[in-house]
Amino acid sequence: MSEIPLPQTAKRVAPWWLMRHETMLAAILIVALIILGFLNNRFLTVDNLLNQGRLTTEVGLIALPMTFVIITGGIDLSVGSTVGLCAILLGYSWKNFDFPLPLAIAFSLLVGAAAGFLNGLVITKVKVPPLIMTIATLALYRGLAEGVSQAHSVRGYPEWFYFIGQENLFGVPAQLWLLLIAIIISGVALDRTTFGRTLYAIGNNETAARFSGLPVDRVKLIIYTLSGFMAGLSAFVLVSRVTTTRSDMGIGYELDVIATVVLGGSSIFGGVGTIWGTVVGLAMIQLLKDGLALTGVKGDATIVVIGAVLILSTLVASSLQRRRGGV
Amino acid sequence: MASATIASATPVLSVRNIEKSFPGVRALSGVSFDVAEGEAHALLGENGAGKSTLIKIVSGVFPPDRGEVIVDGKAVHLERPDDARRVGIATIYQELLLFPELTVAENIFMGHAPRGGFGRVDWRAMREKTKELLASLEIHDLDPDRVVGALSVGNRQRVEILRALSHEARILIMDEPTAALTEYDVRRLFDIVRKLKARGVAVIYISHKLDEIFAIADRVTVLRDGAHVATKRVAETDSAELVQLMVGRKIESLFPKITVPIGEPVLEVKDLVRRPLTKGVSLTVRAGEIVGLAGLVGSGRSELAQTIFGVTPAEGGEIKIRGKKVDIRSPGQARTLGIAYVPEDRGAQGLVRPMTVRENFSLAALGKVAFGGFIDRALERKLAGDGVKRFSVKTSSLEQVAGKLSGGNQQKIVLGKWLANQPKLLILDEPTRGIDVGAKAEIHRLMGELAAQGLAILMISSELPEVLGMSDRVLVMREGRIVAEFTREQATQEAAGAAMMGGQGVEQAA
Amino acid sequence: MTAATFARAEADPRRLFKALASQEALLAIAVIGLAIVVGLDNPRFLATRNLSDVLLGNAYIAVAAVGMSMVIVSGNIDISVGSLIGVLATLSGTLAVDGAPIAITWLAPLVVGILVMGLQGVVIAYLRIPAIVVTLGMLSILKGGLISVTGGKWITDLPDSFHLADIELFNILPMPVFLMIVATILAAWWMRYSARGRAIYAVGGNAEAARLVGISQRRTVVMVFALHGFFAGIAALLYATQLRVIQSTVPPNLELTIITASVVGGVSILGGVGTVIGSTLAAILIAEIASALVFVNVSPYWIRAVQGVLILVTVIADILRRRRMAGA
């Protein structure tokens, strides 16, 4: 084949597109904030905004490793069930195994990590596609939660237990600090470390990543384990906030989390996405829920909009990608 | 055997002045040839000569930029593979397009199953018709009710051929049909081809394997660099002439070979085994040495490289790196041992095309630009910048998306990313495939420099002139084993070609 | 013996064994076997009343699994069906309470089901959005929409004529069982004997190869989803008409149960293989297991875990089998 040398005119460079999506989103976010503040003058108070932050933590914690997972082209549908399982085991091991509460908390975190690890193991070793494996574990983990709890809930935790869920630290809700730390760690990891670079490589061309000597299977195992662990952490925060553990906790989380990540600019097909985008997506979804609440739409109905947002943002991202003429 | 006469009637298939270009590459420039009814016509050419592009045009995968496809004297417009099928052209690709969970009979008749009452699918008629097809090609060991996924490759290929027949194909195109077949299956394939010819079906047979072409084809068309070079009657030519037509370049002028002192063995492989294609390979590569590995497509060279590199770890045998026995289980491990592998398919295996030049340059050497896991962007930019300069990569900036560069520049990035690791052993798999002459010369010059710096280089190539011009020693691989070794002085195209094809060749039936 | 005769003789015992080992036969054996085992432990399990309750109460799942199996065979997935059934059931009940003609209350869920699922099929096939994203989004839209419109209140005061599920044909065959059998047989026949039915297997097995023989993946996917909506409508009807009241909420985890029935019934999650006869048998088996748990004094709260294990084991076995086959 004789080659015609290419003209060197191609100027568009991958990170720029990313930047554009996030800045667009951030702009929309600011506009939405202003509008909501206008509609309800108690909205833009520090108090209210911080309270919003409190409510987003549970989804936010899980959205961070989910960003990693989706960037590699995978998905984890079992996170909601893992939250339920960890919440139940936290209460159960404390009440029925007589674990001291700190141990029970550690135990439930461990279970979360183990649940994620199982996902990762089967996905990398048996090579079951992530979608299918996590649908199966979505069923299994929820089933285990229901079986263990027998529909009993656990209450009556000591005072200190409610700190993370309900109290403030330096004037900011305690769980928000946790989320903030998690955001910074994930963001830095994704942006600046070899780990993050490996994730993007896997999402864009897993074969080439392997052929370059990158530890693809090990990294995948890590992100699914992290996903489970963060679900456990989220469960802890959730139980602390609502003071009780029930087996139906976390139902529907996967929708919120995936919508957050996709809205934040990560492509469902992999290879693209940032933590900062996910954070903006998180804020937008929370704002959306608030906006709906202000117009009288009750809690449950907001998932209608979230579902629509999920489909629409995938549609937009996919047609944008096609117009760029993906390489 | 070659058939006695080619009828001088209207050819069943004719292509005229076909031109096709892709961004950055002119794949076909003005190719014409024709095929007669009942003829077995071989299509020969190196990798990148344009054979598969031509076949895709005839199969309706995409249209040509210019030129015509003519069937039975009438020009046809093929926009979809379905169109080609309807005018009687059937293609069997290397990756067989079958339904693994469905039966042989259903695979054959999917889309045009025989119907019974109420328009329902008539399974019994389907089975009967399948048996008729089987009988017409004298295949007696294929059960119409067996699930295709459980069949051997040879059997699956036969199912594809039967499917083509069921659509009353008049032109059957086979793309490297014997690449994955056993000798027994190859003989059976030839049997089938002869029967097809007797029925008036024209067979276009793409192959590298000269001995097969001489066994089965009536005429052969040679393509080179996207152009038609010659069409010859098989009876009127020989392998030496075909090789010359395929390659047709002067060797000397292209390859600046410097004599370099050869040092200690860096790679020693003994009786390496890995199913299915590596059957006991032994070789040695020394520091400063360039060892060329020649062989036909399917001889197992890339598989060998990938076993040494840890992508498909060895199942038997021994590998020694700089005298020490090692068990290489992953590419990461190979990299730590100082091995670098520039793969055959740079788009799918070598480069992450959506990522930038900078990111691709550091991909195999992230450890070198990172401290405690944190990537130092400045260091990374320096690494990439140095690489771009050293290898003369033509790019508008380090942040350019790698996939938009030309093939030659992409290849330089893949090479460069591995050299950042300062490897001791460099395995190159078809390093200059699909690259223009200028970039080719640059890469060859680089190879010489690297050898002079003490790197051990194992070069896999299907371009004999390149192998002969660059190597200190030439190894020839066939069917998973090393069958010949030549020093630089001893190696000639004829000797290497003969070893590649094998002395006996496939039996020629009467 | 010529090679031909030898091969044929060798094929025959293999064919017999294969028929016996087919997923459908295994399921039938499991259904009967489980009944025997549990019945030995607790004979009340085998009481006609219990067995018929199990069958009648869960027939709608088998019907929904017919449509789901088609979707999965075509290489897709749908997790919105549970929510859709909730919506369609509520729709039907609401129409009935508002005095609509009974025929309309029965037809409405079918029509709406076809439209909603068909729409999803169009988005998946033509807009190229992954099925998981579309059906996850739709699940939420339907679920949230239902709650916000009805507030979760129960629909009572249903007219007597509404209760389709109570009808007994010829005074012995209950409508749910009848519909389950008819749906299964018709769908099985169609998937085996019609060209469009076989096209589903082609598209799910190897979409590229299907295109080569002129089968349009896009049209096939839309058709499959529309059919899925139709069967979901029938299932919703059975679900709505079998009790005196309709809870206008989405039955929890219904889609998972339906998917489990398909997958355990032999429909490979990767597409291209499986039958609706298998999924119906599996649906019966799962319902039987749920009932059996109660009779052997295992808390019914473990049923979801059992489903989860079933689906996980089946999927892993299927993937391993495929990998082994690909290596052949």
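Values in this text are rule-based calculations from the coordinates and carry no lab data. Just so it is clear, the structure is predicted and the values come from calculations on it, not from any experiment. Please note: Cβ atoms are built from the backbone with ideal geometry, for glycine as well, and neighbour counts cover all protein chains shown.
What the table shows:
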{"read-out": "Amide H contacts under 5 Å for A:Thr274, placed H, 5+ residues apart", "value": "A:Ser266"}
{"read-out": "Whole-Hz ³J(HN,Hα) from phi, Karplus 6.51 cos²θ - 1.76 cosθ + 1.60, for segment B:420-435, glycine and proline x", "value": "4, 7, 6, x, 9, 10, 10, 9, 10, 10, 6, x, 10, 5, x, 10"}
{"read-out": "Whole-Hz couplings from phi, Karplus 6.51/-1.76/1.60, listed for segment A:273-279; x for Gly and Pro", "value": "x, 9, 5, 4, x, 4, 4"}
{"read-out": "Order of B:Asp345, B:Asp327 - criterion: other Cβ atoms within 10 Å of each residue's Cβ, fewest first", "value": "B:Asp327, B:Asp345"}
{"read-out": "Given charges at Cβ of Lys, Arg, Asp, Glu: segment B:252-501 dipole, positive-most of B:Pro331, B:Thr259, B:Ser299", "value": "B:Pro331"}
{"read-out": "Choice from A:Leu199, A:Leu178, A:Leu169 showing the highest fluctuation, given a GNM over chain A with Cα pairs closer than 10 Å", "value": "A:Leu169"}
{"read-out": "Shape of chain A, Cα gyration tensor, a/c cut at 1.5", "value": "oblate"}
{"read-out": "Footprinting exposure proxy for B:Glu241, A:Glu254, B:Glu19 (fewest neighbouring C-beta atoms within 10 Å first)", "value": "B:Glu241, B:Glu19, A:Glu254"}
{"read-out": "Neighbouring partner chain Cβ atoms per residue of A:146-152, average, 10 Å criterion", "value": "4"}
{"read-out": "Per-selection Kirkwood Rh - segment C:213-328 (Cα, Å, 1 d.p.)", "value": "16.5 Å"}
{"read-out": "Most positive-pole-ward Cα, B:Ile18, B:Val35, B:Val69, against dipole of segment B:1-111 from beta carbon charges", "value": "B:Ile18"}
{"read-out": "Reach of A:Lys298 by Cα under 18 Å, taken over aspartates and glutamates that are not fewer than 8 positions away in the same chain", "value": "A:Asp256, A:Asp290"}
{"read-out": "Amide H contacts under 5 Å for B:Ile482, placed H, 5+ residues apart", "value": "B:Ser282"}
{"read-out": "Computed helical MRE - 222 nm, chain A, DSSP H runs ≥ 4 contributing -39500 (n - 2.57), nearest 500", "value": "-24500 deg cm²/dmol"}
{"read-out": "Pairwise Cα inverse-distance average, inverted: Kirkwood Rh of segment B:1-129 (Å)", "value": "17.2 Å"}
{"read-out": "Test item: C:272-282 mean partner chain Cβ contacts at 10 Å", "value": "1"}
{"read-out": "All Cα pairs of segment A:76-151, percent lying beyond 19 Å", "value": "36 percent"}
{"read-out": "Long-range amide H partners of B:Leu102 with built H, under 5 Å", "value": "B:Val148, B:Gly149"}
{"read-out": "Integer Hz, Karplus 6.51/-1.76/1.60 couplings in order for segment B:487-495, x for Gly and Pro", "value": "7, 4, 5, 6, 6, 9, 4, 5, 5"}
{"read-out": "Selection from C:Asn297, C:Leu26, C:Ile246 lying farthest towards where the dipole of chain C points positive, charges on Cβ", "value": "C:Leu26"}
{"read-out": "Reciprocal of mean inverse Cα separation for chain B (Kirkwood radius, Å)", "value": "24.7 Å"}
{"read-out": "Highest-MSF residue in chain A out of A:Ala308, A:Ala189, A:Ala317 [GNM, Cα springs under 10 Å]", "value": "A:Ala308"}
{"read-out": "B:Ser152 paired with C:Ser216, simple spin-label distance in nm, labels 7 Å along Cα-to-beta-carbon", "value": "4.2 nm"}
{"read-out": "Average other protein chain Cβ within 10 Å of Cβ, residues C:187-198", "value": "3"}
{"read-out": "Global geometry of segment A:101-237, whether rounded, prolate or oblate, following the gyration tensor of its Cα atoms and the 1.5 cut on a/c", "value": "oblate"}
{"read-out": "Choice from C:Leu115, C:Leu158, C:Leu212 showing the highest fluctuation, given a GNM over chain C with Cα pairs closer than 10 Å", "value": "C:Leu212"}
{"read-out": "q = 0.08 Å⁻¹: log10 I(q)/I(0) that the Debye formula gives for the protein assembly as shown, counting C-alpha atoms only", "value": "-1.01"}
{"read-out": "Simple Cβ-charge dipole of segment B:162-318, Lys/Arg +1 and Asp/Glu -1, about Cα centre, in debye nearest 20", "value": "620 debye"}
{"read-out": "C:Arg211, C:Arg244 arranged by Cβ crowding within 10 Å, fewest neighbours leading", "value": "C:Arg244, C:Arg211"}
{"read-out": "Three-way shape label, segment C:133-206, alpha-carbon gyration tensor, a/c 1.5", "value": "oblate"}
{"read-out": "Separation in nanometres of the label points that stand 7 Å from Cα toward Cβ, at A:Ala26 and C:Ile181", "value": "6.7 nm"}
{"read-out": "Local electrostatic count, B:Arg16, Cβ distance below 15 Å [Lys/Arg +1, Asp/Glu -1]", "value": "-2"}
{"read-out": "Dipole magnitude (debye, nearest 20) for the protein assembly as shown, charges at Cβ of Lys, Arg, Asp, Glu", "value": "1300 debye"}
{"read-out": "Packing-based order for B:407-416, B:355-364, using average beta carbon neighbours within 10 Å, highest first", "value": "B:355-364, B:407-416"}
{"read-out": "Protection-proxy order for peptides C:200-207, B:159-166, each taking the mean of Cβ atoms within 10 Å per residue, highest first", "value": "C:200-207, B:159-166"}
{"read-out": "Label point 7 Å beyond Cα of C:Ser161 along Cβ direction - residues of segment C:72-100 with amide nitrogen under 15 Å", "value": "C:95-100"}
